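Structure first, then comments.
The values are calculated or read from the model by the stated rules, or taken from the named source; none is laboratory data. What you see is a predicted model; the values in this text were computed from it and never measured. Counting neighbours? That spans all protein chains shown, and the Cβs are built from the backbone with ideal geometry, glycine included.
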Amino acid sequence: MREDSQKNFSGWWLWPNVTFNIFPGQQNLLVFHMLPITAEKSVGYCDYFFIDGNVNEEAQALMDWEGNILEKEDNDLIVAAHRGMKSLVMQQGIFVIHPDRHDISEAPLAHFNTLVSQAVKAIAP
């Protein structure tokens, strides 16, 4: 991916389990839908949409990168975090919050975590 890619990326979350992403390059929309199966297993579905239905070489490279690199990195982090939480050494996860660097800050993830915690507490017996 190009160095300026983060400047041209846009993403939105639809509570509780859908993201919409627009990547740089050919006009596109990625809809990522996460479905929990159990407390420790989820399935994710990625659907790409392109204006004319045709995918150019740059867009195909982006989809390959997203599917083979980014998703694997994210999945490996999630598996490691679950392993850490199960070890009972960690009481909570850690988020990188940087108010001046929106490209690296995990503030949205921390906010999402808070929403999930509140929702679980609201339905817990």
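Could you say whether any residue in the stretch 47-54 is surrounded by 13 or more Cβ atoms within 10 Å (Cβ to Cβ), at pLDDT below 90 and over 20 Å from TRP12 (Cβ atoms)? Within the stretch 47-54, none of the residues are surrounded by 13 or more Cβ atoms within 10 Å (Cβ to Cβ), at pLDDT below 90 and over 20 Å from TRP12 (Cβ atoms).
For MET63, the test of being assigned to a helix (DSSP H, G or I) and in the same structural domain as SER10 (by TED's automatic domain parsing) is passed.
Hey, among PHE20, PHE9, which residue is modelled with pLDDT under 85, surrounded by 13 or more Cβ atoms within 10 Å (Cβ to Cβ) and not assigned by TED's automatic domain parsing to the domain that holds VAL120?
Values: PHE20 fails: modelled with pLDDT under 85.
Result of the check over PHE20, PHE9: PHE9.
Looking only at the stretch 30-46, filter to residues that are of a type in the set (A, V, I, L, M) and loosely packed, with under 14 Cβ neighbours inside 10 Å; which one of those is modelled with the lowest pLDDT? Looking at the filtered set, the residue picked out is ALA39.
Select, from PRO36, PRO16, the only residue that is in a loop (DSSP other than H, G, I, E, B), touching a residue at least 12 places away in the same chain (Cβ under 8 Å) and within 19 Å of LEU109 (Cβ to Cβ). Step through it out loud before you land on a result.
Details: PRO36 fails: in a loop (DSSP other than H, G, I, E, B).
So the residue among PRO36, PRO16 that is in a loop (DSSP other than H, G, I, E, B), touching a residue at least 12 places away in the same chain (Cβ under 8 Å) and within 19 Å of LEU109 (Cβ to Cβ) is PRO16.
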